[in-house]
Each structure stands twice: as C-alpha cells, then as structure tokens.
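Trainee: One structure, as structure tokens, below. Some questions next.
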Amino acid sequence: MEFHHIPVLFDEVMEWMRPRADGTLGGGGHSEGILRLSGGTATLYGIDRDEDAIRAASERLKIYPGFHAIHGNFHDAKALLTAAGAPPLTGALLDLGVSSHQLDEGDRGFSYHEDAPLDMRMDQSTGLTAAEYLAQVTPEEFRRILTDYGEEKWAARIAQIFAEKRAQKPIETTADLVAVVDAAIPKAVRRKDDGHPARRTFQAVRIAVNDELAPLENALRDFVELLAPGGLLVITFHSLEDRIVKNTFRAMQHPCTCPPKAPICTCGKVPLGKVLGGGGVKPSNHEVQENVRARSAKLRIFEKNREEGE
C-alpha cells in the first residue's frame, strides 16, 4: 500500500515555524513544507519509529540535500541527533499520534473498522504486538489502562468480559477486541455513543503498546534543551497527551517552586521560555470538513529564551 498521510494544521505550522526544523517525521508533509519554504536550504532531521514512513519520506524528499531521516523514537532525540551530528536546533515540531497511513493500512491493527491481526506497533521492528501484550496483561492492569489511557467509563465491565473471552480463546485480531467491547457495553449505550464504542479501548491499548505517554514530558524538556534558541511546536490529538504538553510548557515558563507569598525567589529556577498561541491553535472549520481526523488536533507552541549575552 502506498504511504499516504495528510498533515494536519499545515498552514498554522508553517506560520509559527517560520521554516526551521522538524521532530517526528510521519509522511513528511510538514517537513516538505518547511524545506520548500526555506528555498531548499534548510537542514532538517526527521525522526520516526515507522520504517514505512522513513522510506516514503526519504523518497519524497530526496531532492532536498539538507533532509536527513532517522529511524527511532523521538523520546530518544538527544541521543539520535547527537549520533547524527546535528547542531543545536532552531526549531522542532512533534506530530504526536497515529498517522493516516497507519490507520488506513488495515493489517497494522490500529483500526477497529477492519478485521486484522492486532499489531498496533508504530515500530514493527521491535517490541510486543498488541496481541502479545493482551495475552499477558492482567485483567486489573487492563482495567487500569482503559481508565488511564482511554478514559473509558465502562473499563471494569470491559476488563471483566476481556478476561472471560480470553479464557476461551486468545484475543488476536481487531475483531476479537471489538467483540469484547460490544459484549461489555449495552447496545442502547453504544447507539448513543458519539463515535465507535471501541475507539477508547483501541486508543488505550495503542498507548500502552507504544509507551506513548510516560516518556513525553522528558522528551519535551529534551527538545527545549536541544533548541538554540527557537520554538517547539507540538501537535496533539487527545486530551491525555495534550494535558502533558500543556502542563510541561507551563512548568517550563513558570518553574519557580517558592511559596506564593515569598517576597523574593530563592529556588533559583528561571523560566526556560514562554508559551505562545494561547490555549492552543485548533484547525479551521474548513480543514475539519476536508479531513475529519483533524477535528481533535491542537497545536501548542513554546519558545525557548535566548541565553543572556546572546
């Protein structure tokens, strides 16, 4: 299947980025925009876990001599960029979540609309598949990830049905997992659901399989450290990751830990930069109409301060 990815908030990213650099690669849409608007002179490092994305972007952007694709996890950006000999960054973009290609390619196991093996790995060269993860997870842990990563109100019931069905046969396909949700949530509730009832369960399993949230705060701080100075742009797609980005940006802007009524700051912590874009930039109504997957997207921006003396 040809790699196809629709970049969200493209115009907004170009406006805020004032073409600089890139973090997560995806299909290379934002990267191509940055390289094109720089007149082809920018040096851009694109990091992605998905080898399909690396191959597609490398082919698509081979006309730009400053483009460098790196296979890896952006959580490890410091080590990856150091190994690549990258200089301090003048900007970085993190496009979180699942790509259009990963959702549309049924055999990747991300979609609840097609029956396929449960894989869900963003990097298919390493780690447990979703089926392997579900074969060993305890019902108690499964309930926890449904609650914490899916914000699923029916977590307890889904975990119970999951344990019962897994005792009869392994949960190995997307249809198996959808059947668990269908059996757990009453039909009347499913009819009233705004969207597919299994979407929260699939999100929770995907986040767990790819360890998407736990390393995110440190990754954001690493990218700010890598900037010299410049802007860090992050596109989020659900409330869990967006909350981490928002709170981390706020903490970097207001790091002081002194008591609120203290006359002077004694902790010595200074702001690393400032949050821009208010409460986050959302896609236009036109973009949402053209690409329904953009409806939950939000762009958050943090600009690192210049060091004194620069």
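Trainee: If a residue has to be open to solvent by less than 10 Å² (accessible area, probe 1.4 Å) and either in a loop (DSSP other than H, G, I, E, B) or modelled with pLDDT of 85 or more (or both) to count, how many in segment 9-20 make the cut?
Mentor: Final tally of qualifying residues: 2.
Trainee: Find all pairs meeting these conditions: Cβ atoms under 7 angstrom apart; at least six residues apart or on different chains; first residue within segment 45-58 and over 20 Å from THR90 (Cβ atoms); second residue open to solvent by less than 30 Å² (accessible area, probe 1.4 Å) and among the acidic types (Asp, Glu).
Mentor: ARG49/ASP123; ASP50/ASP123; ILE54/ASP48
Trainee: Sticking with this one: It is to be established whether one or more residues within segment 114-132 are basic (Lys, Arg), without any contact (Cβ under 8 Å) to a residue 24 or more places away in the chain and on the phi < 0 side of the Ramachandran plot.
Mentor: no
Trainee: More than 18 Å from the chain's Cα centre (by Cα) and crowded, with 17+ Cβ neighbours inside 10 Å: does that describe ILE158?
Mentor: Yes, satisfied.
Trainee: Please pick out the residue among ALA175, ALA208, ALA219 that is touching a His at 6+ places or on another chain (Cβ under 6 Å) and either crowded, with 18+ Cβ neighbours inside 10 Å or part of a helix (DSSP H, G or I) (or both). Step through it out loud before you land on a result.
Mentor: Values: ALA175 fails: touching a His at 6+ places or on another chain (Cβ under 6 Å); ALA208 fails: touching a His at 6+ places or on another chain (Cβ under 6 Å).
ALA219 is the lone residue from the list that is touching a His at 6+ places or on another chain (Cβ under 6 Å) and either crowded, with 18+ Cβ neighbours inside 10 Å or part of a helix (DSSP H, G or I) (or both).
Trainee: Next up: Mind counting the residues in segment 29-58 that are crowded, with 17+ Cβ neighbours inside 10 Å and under 15 Å from SER100 (Cα atoms)?
Mentor: Number of matching residues: 10.
Trainee: Same structure, new question: Just checking, how many residues over segment 289-310 are loosely packed, with under 14 Cβ neighbours inside 10 Å and either touching a Phe, Trp or Tyr at 6+ places or on another chain (Cβ under 7 Å) or within 18 Å of ALA219 (Cα to Cα) (or both)? Working first, answer last.
Mentor: Initially, segment 289-310 is screened for residues loosely packed, with under 14 Cβ neighbours inside 10 Å, giving 289-290, 292, 306-310.
Those still in the list that are either touching a Phe, Trp or Tyr at 6+ places or on another chain (Cβ under 7 Å) or within 18 Å of ALA219 (Cα to Cα) (or both) too: none.
Matching residues across segment 289-310 total 0.
Trainee: Tell me, which residue of segment 244-288 that is of a type in the set (Val, Ile, Thr) and part of a loop (DSSP other than H, G, I, E, B) is surrounded by the fewest Cβ atoms within 10 Å (Cβ to Cβ)? Please lay out each step first, then the result.
Mentor: Filtering segment 244-288 for residues of a type in the set (Val, Ile, Thr) gives 244-245, 248, 257, 264, 266, 270, 275, 281, 288.
Subset that is part of a loop (DSSP other than H, G, I, E, B): 257, 264, 266, 270.
Values: THR257: 12, ILE264: 5, THR266: 11, VAL270: 10.
So the residue we want is ILE264.
Trainee: Further question on the same structure: Checking THR90 against (1) open to solvent by less than 40 Å² (accessible area, probe 1.4 Å); (2) touching a Lys or Arg at 6+ places or on another chain (Cβ under 7 Å); (3) among the polar types (S, T, N, Q), which single condition isn't satisfied?
Mentor: Condition (1) is where THR90 drops out.
Trainee: Another one. Taking interchain pairs and intrachain pairs at least six residues apart, which have beta carbon atoms under 7 angstrom, with the first residue in segment 188-211 and over 14 Å from GLU151 (Cα atoms) and the second assigned to a helix (DSSP H, G or I) and hydrophobic (A, V, I, L, M, F, W, C)?
Mentor: VAL209/ALA130
Trainee: Let me ask something else about it. Of the residues LEU94, LEU37, LEU61, only one is hydrophobic (A, V, I, L, M, F, W, C) and out of contact with any strand residue (DSSP E or B) (no Cβ under 6 Å at 6 or more places or on another chain); which?
Mentor: Details: LEU94 fails: out of contact with any strand residue (DSSP E or B) (no Cβ under 6 Å at 6 or more places or on another chain); LEU61 fails: out of contact with any strand residue (DSSP E or B) (no Cβ under 6 Å at 6 or more places or on another chain).
Residue meeting the stated conditions: LEU37.
Trainee: When only residues in segment 76-111 that are in contact with a Pro (Cβ under 9 Å, 6 or more places away or on another chain) and assigned to a loop (DSSP other than H, G, I, E, B) count, which is farthest from LEU227 (Cα to Cα)?
Mentor: Looking at the filtered set, the residue picked out is GLY109.
The values are calculated or read from the model by the stated rules, or taken from the named source; none is laboratory data. Since we're looking at a predicted model, the values are computed, not measured. Backbone-built Cβ (ideal geometry, glycine too); neighbour counts: all protein chains shown. Ligands, DNA and RNA are stripped out before the accessible areas are found, and what is left, the full protein with its side chains, is counted by its heavy atoms. Shrake-Rupley method; radii C 1.70, N 1.55, O 1.52, S 1.80 Å.
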